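Notes to accompany the following structure.
The values are calculated or read from the model by the stated rules, or taken from the named source; none is laboratory data. Keep in mind that what you see is a predicted model, and the values were worked out from it rather than measured. Cβ atoms come from the backbone with ideal geometry, glycine included; neighbour counts cover every protein chain shown.
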Amino acid sequence: MEKTYDPHKIEQHWYKIWEESGYFAPSGKGEPYCIMIPPPNVTGSLHMGHAFQDTIMDALTRYHRMRGFNTLWQPGTDHAGIATQMVVERLLEREGKTRHDLGREKFLEKVWEWKAHSGGTITRQLRRLGASVDWSRERFTMDEGLSRAVREVFVRLYEEGLIYRGKRLVNWDPVLHTAVSDLEVIAEEEKGHLWHIRYPLADGSGHLVVATTRPETMLGDVAVAVHPEDERYRHLIGKAVRLPLTDREIPIIADDYVDPEFGTGCVKITPAHDFNDYEVGRRHDLPQINIFTPDARLNDNAPPRYRGLDRFEARRKIVADLEKLGLLERIEDHVLKVPRGDRSGAVIEPYLTDQWFVKAGPLAEEALRVVKEGRIRFIPENWTKTYYQWLENIEDWCISRQIWWGHRIPAWYDADGNIYVGRSEAEVREKHHLGDRPLKQDEDVLDTWFSSALWPFSTLGWPDKTPELETFYPTSVLVTGFDIIFFWVARMVMMGQKFMNDVPFRDVYIHGLVRDAHGQKMSKSKGNVLDPLDLIDGIDLESLVKKRTAGLMQPQMARQIEQQTRKEFPGGIPSYGADALRFTFAALATTGRDIRFDLGRIEGYRNFCNKLWNAARYVFMNTENQDLEGEAEPTPVDRWIRSRFQQALETVIESIESYRFDLAAQATYEFLWDEYCDWYLELAKVSLAEGTPAQQRATRQTLIEVLEAFLRLAHPIIPFITEEIWQKARDITGIDGDTIMLQPFPLPDETRIDTEAESEVAWLQQFILGLRRIRGEMNIAPGKPLPVVLQDGSRDDRERVERWRPYLERFARVESVRWLEAGETPPEAAIALVDELKILIPLAGLIDKEAELQRLAKEITRIEKELPRVEGKLKNPKFVEKAPAEVVEKERQKLMDLKSRLMQLRKQKARIASL
């Protein structure tokens, strides 16, 4: 084995072997276990959220593969309609062209070219992370097989009346000229205004004041609503107002939707441009007046002077005209949530347009029922409520998009506007006896989430009855973020129940959002994005700055981002390797909504990998070409480590089975670092040096056997390093097999649990730790031999002291042991306790009393000066209110630590002074 652990030398080497050997494919034996990868955007690249969930899915897949399951981790990518089309349109823009210059067919050719050119990035990155997906089954949502499934589902739903075409209000992106889903709309608080406008009563008896954040939409008003119980306006219900700037009269209506406490208690109703108003309009049978063109200019339904104006230009003109007419009562500052398209950044308009919809109600009933019956389990369980909430208040789903890249809607129109839906134009013509009548296919494509909703069964060959579909559906678990419970999880359940008559997965493991060390969401605009590949391979500072400041939507942020990056990563990012990154993700996989990623953690887990590497080298040096056969007599230390391994194993299995990867990682870490390395490898040196041949043989067997079992235990989380070390361990132990991947996962063996050995070694550890604590407190050099005086021990203690004497001499540097006689006065000493046994270290002559008192006094003075500074900071309201919460918490913790340390030092000083 190489002297130092270098992940780059081993990781890509082993992945190539695994993939070429076909180890990722289902074995065809055992109970099926299947995970569908949430398909990332085909043109995207791996971000921290992907890397996190892919680590979790890979750990589950590797674990179940080792448990003998017939495992399939199904890979694939999503065509990501709008996102991909935008990328290609931007490329055309650089050439001074638009998609319309090319026409639909040529444009789609360009998109397929782009997909072929850049579509492999994410799969290359998945390989780098160690994902054991079955690449031979990789799917793409626009593959012919999946496209066929999409057409089949559309046609069947249409034939059942569950898909229809209708005029409805949708989220409209006026830059992309398409409807977008709620998921693609980000509403963030922005500073705006509230305009208070007078609407004159039609009978000339006065006016109502209506407050609005969007005065341009008033041209589409069809009513003013008040609350039916509002005494101020009850007498006006049923009357009318004159709509300013138009020649229309509109009614005053009563509706519970109005909040009498907000604004003036009068609300303008614009059903064609507001989702709530749309519902009010339906209740009162009001007309819908659309005043916008698809690019958000005012259309011919607006008065002539405003036609053709951009909506914000129209706003300025309308406000100025209202002011001239004396109809603008006042303007106040107002913070409001502005919906913007996550792709274009444009302000989204509620827009009335003809679209295709899925009638969601009947499908939602089934999706609710299966979860209520316990056929699908959410982990953590509290996400079930979120799922219920959405499905119980579900709206019909708008599935059409006015773009070109995607699954084209399988509907055709004749010259009279009749709609024909079918799997192909040929099928439509034959079914409806249309002969050679001219037909035109619908221009729209389906929402990307429509094909994603079929992912669990379309990837397995549906609508054909394939062996894979028979074997792996329903799948075992879905691993996903909480942000797409509605958009993806619920829809997969709806479609799975509808077309497979079964749930798509048994468990849904919902993970939190990966944030930066300060709890901030990672985003390009904040300049705090970490690329998982940079953590694996490392990146120098200049390249990191360039990466973070290139292609910003707000170029003015570049300077700030550069300064922040140089401050946070003065030396760039070192190379940590994939295993250290994977271990970090597993350790961070708590049940919370947020996952704070801190480079300090990955540094710690890189050290863990080093620790494992060095431990393995030590074990191999002591076991390779050594006698491992024949009579063996395990020492209590050998029995102890085997017993402790059983306990760790039980914890890891229980934690993985309950999706607590953080606890599995913790148990793995603590066993290797705290028990195997810090204690066992050290204690084993005694029997290797001084034991009988049978004891030495037993210790060597234990060293290699526990290491080999540990490698199998840790493999699902850290696959590369465990494979590399296991290859050597296999040769020494004579185990059959070419790869650790296909070795059985270790299983608990109760016969190996040895409470007697655990109790013996626990006593020894307490004794040694007691002596180490005294050395630390009294500033006694680690190598200085200690005289030990013992008091009040039991007969068992006396026997144990003799039994463990070689270990105490070697690891605690004990030079002599003496028991106090009955009635003898104990010397002035530092004391440690092991249950009833008192361990006394006489201090006379062991320490330089004056030098030690001076050292303690100096440290006490330093802390006494530091305390008021920290206290002052925490008493400053500006600091407490304005500093980030974690910074304030850090200072509070610092204050507690300083106070505790000061108390300890004062006690210590008093003790030494009394000598």
Discussion item. Tell me whether the stretch 92-103 contains one or more residues that are under 31 Å from the mean Cα position of the chain (by Cα) and free of Cβ contacts under 8 Å to residues at least 60 places away in the same chain.
Written reply: no
Worksheet entry | Test result for P744, buried (at least 17 other Cβ atoms within 10 Å of the Cβ), of a type outside the set (A, V, I, L, M) and not in a helix (DSSP H, G or I) | no
Item to complete: Starting from residues that are in contact with a helix residue (DSSP H, G or I) (Cβ under 7 Å, 6 or more places away or on another chain) and outside any helix (DSSP H, G or I), keep the ones in the stretch 80-114 and report whichever is surrounded by the most Cβ atoms within 10 Å (Cβ to Cβ).
Response: A80
Item to complete: May I ask you to say which residue of Y387, Y351 is over 27 Å from Q441 (Cα atoms), at pLDDT 90 or above and hydroxyl-bearing (S, T, Y)?
Response: Y387
Discussion item. If I filter the stretch 48-60 for residues that are assigned to a loop (DSSP other than H, G, I, E, B) and surrounded by fewer than 24 Cβ atoms within 10 Å (Cβ to Cβ), do I get at least one hit?
Written reply: no
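Tell me the strands (runs of 3 or more DSSP E) entirely within the stretch 266-370 that contain at least 2 residues that are in contact (Cβ under 8 Å) with a residue 24 or more places away in the chain and among the basic types (K, R).
328-341
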Worksheet, complete the sentence: Scanning the stretch 594-604 residue by residue, the ones that are without any contact (Cβ under 8 Å) to a residue 40 or more places away in the chain and buried (at least 17 other Cβ atoms within 10 Å of the Cβ) total 1
Worksheet item: Residue check: is T217 surrounded by fewer than 20 Cβ atoms within 10 Å (Cβ to Cβ) and either assigned to a loop (DSSP other than H, G, I, E, B) or touching a residue at least 60 places away in the same chain (Cβ under 8 Å) (or both)?
Response: no
Response to the item:
All conditions in (1) over 29 Å from the mean Cα position of the chain (by Cα); (2) exposed (fewer than 13 other Cβ atoms within 10 Å of the Cβ) are true of A615 except (2)
Fill in: Number of the condition not met by V887 [criteria: (1) closer than 30 Å to W763 by Cα; (2) outside the structural domain of R772 (by TED's automatic domain parsing); (3) among the β-branched types (V, I, T)]
(1)
Worksheet item: Within the stretch 748-782, how many residues are more than 30 Å from R906 (Cβ to Cβ) and basic (K, R)?
Response: 1
